[in-house]
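S.K.: Structure provided below as structure tokens; questions to follow.
Just so it is clear, none of the values below were taken in a lab; they were calculated from the coordinates. Predicted model, so just to flag it, every value in this text is computed and none were measured. As a convention, Cβ positions derive from the backbone with ideal geometry for all residues, glycine included, and neighbour counts pool all protein chains shown.
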Amino acid sequence: MSFKTYTAIRMVIIIIMAGLIGWAVVNGNALIPVPVIIAALLILLLFRRRVKEVVVDERVYSIAEKASYLAFRIFGIAAAVIGAALIALGWESSSDLYKIGLTLAYAVCGLLVIYYIAHIYYNRKYSGKK
Amino acid sequence: MARINNQIRRLRFDHGEMTQEELAQRAGCTRQTIIALEQGKYVPSIELAFKIAGAFGVSLEEVFQYEA
């Protein structure tokens, strides 16, 4: 199967899935979306395995790495600045602004911890250390 | 600035106008990567460089040149 055919099939499956989920939401049925999403993912996986062409290669990974790093930096800096500003604004009243600011600050801390752990892991993996 | 040039376009021509798609299949990458390489917008890994050279049946130096 060519990648073009797979893309067309994927589009059809996504449209059907979106329709079913939309219908379930309108009718207040929260159980239908879960099996629909699982079934759609499984069907997509089956079709994906039939694609013989190389779809993802090192250039795609390289782009993903650069994009991830840029997103990490932008989100980290923006969330830290906005979080600090919200904490400062809501400091006196302990309002919702303060809580949102605190949440953002913790999110940045969590992100930095994950980054640090990932950095240690890859630094060890790609160095001579044992 | 250091730069890595390549002869992919010329080598494709020398190999009976091998298509970008065919080279991509032989080297195990996408056609977009071959396009990016020919335009000098992407520098491949050593592994891919060897695969491309292997697809043409030539040495690495015949495909890629380092320009200091």
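S.K.: Given only helices, namely DSSP H runs of n ≥ 4 each adding -39500 (n - 2.57), what is the per-residue ellipticity at 222 nm of the protein assembly as shown, to the nearest 500 deg cm²/dmol?
M.R.: Result for the protein assembly as shown: -23500 deg cm²/dmol, rounded to the nearest 500.
S.K.: Still on this structure: Loop-only check: which GluC sites (Glu not before Pro) in the stretch B:1-45 are DSSP coil with at most 16 other Cβ within 10 angstrom?
M.R.: Sparse-neighbourhood loop GluC sites (Glu not before Pro): B:E17.
S.K.: Quote the charge dipole size of the stretch B:3-67 about the Cα centre in Debye, to the nearest 20; the model charges only the Cβ of Lys and Arg (+1) and of Asp and Glu (-1).
M.R.: 160
S.K.: Averaging sequence separations of C-alpha pairs under 8 Å and six or more residues apart, then dividing by the length of chain A, give the relative contact order as a whole percent.
M.R.: RCO, chain A: 18 percent.
S.K.: Could you check how many percent of all C-alpha pairs in chain B are farther apart than 14 Å?
M.R.: 53
S.K.: Can you compute the label reach from A:I13? Point 7 Å from Cα along the Cβ direction, backbone N cut-off under 11 Å, restricted to the stretch A:44-62.
M.R.: Label zone hits: A:44-51.
S.K.: Taking the stretch A:1-100, which trypsin sites (Lys or Arg not before Pro) meet the DSSP loop condition and have no more than 14 other C-beta atoms within 10 Å?
M.R.: Answer by residue number: A:K52.
S.K.: Here's something else I'd like to know. With charges set only on the Cβ (+1 for Lys and Arg, -1 for Asp and Glu), what does the dipole of the stretch A:58-125 come to about its Cα centre, in debye to the nearest 20?
M.R.: 340
S.K.: Taking only the alpha-carbon positions of the protein assembly as shown and ignoring solvent, what does the Debye formula give for the base-10 log of I(q)/I(0) at q = 0.09, 0.10, 0.15, 0.17 Å⁻¹?
M.R.: Log10 of I(q)/I(0), two decimals: -0.66, -0.78, -1.08, -1.12.
S.K.: About its Cα centre, what dipole magnitude does the protein assembly as shown give when the only charges are +1 on Lys and Arg Cβ and -1 on Asp and Glu Cβ, stated in debye to the nearest 20?
M.R.: Rounded to the nearest 20 debye, it is 400 debye.
S.K.: Round to a whole angstrom and tell me the spacing of the C-alpha centers of the stretch A:1-55 and the stretch A:67-123.
M.R.: Their Cα centres are 34 Å away from one another.
S.K.: Given a Förster radius of 30 Å and the C-beta distance between A:L112 and A:A67 as r, what FRET efficiency does 1/(1 + (r/R0)^6) yield to the nearest 0.05?
M.R.: 0.95
S.K.: Quick one: angle between helix A:96-125 and the longest Cα principal axis of chain A, in degrees between 0 and 90, rounded to 10, please.
M.R.: Long axis of A:96-125 versus the principal axis of chain A: about 70 degrees.
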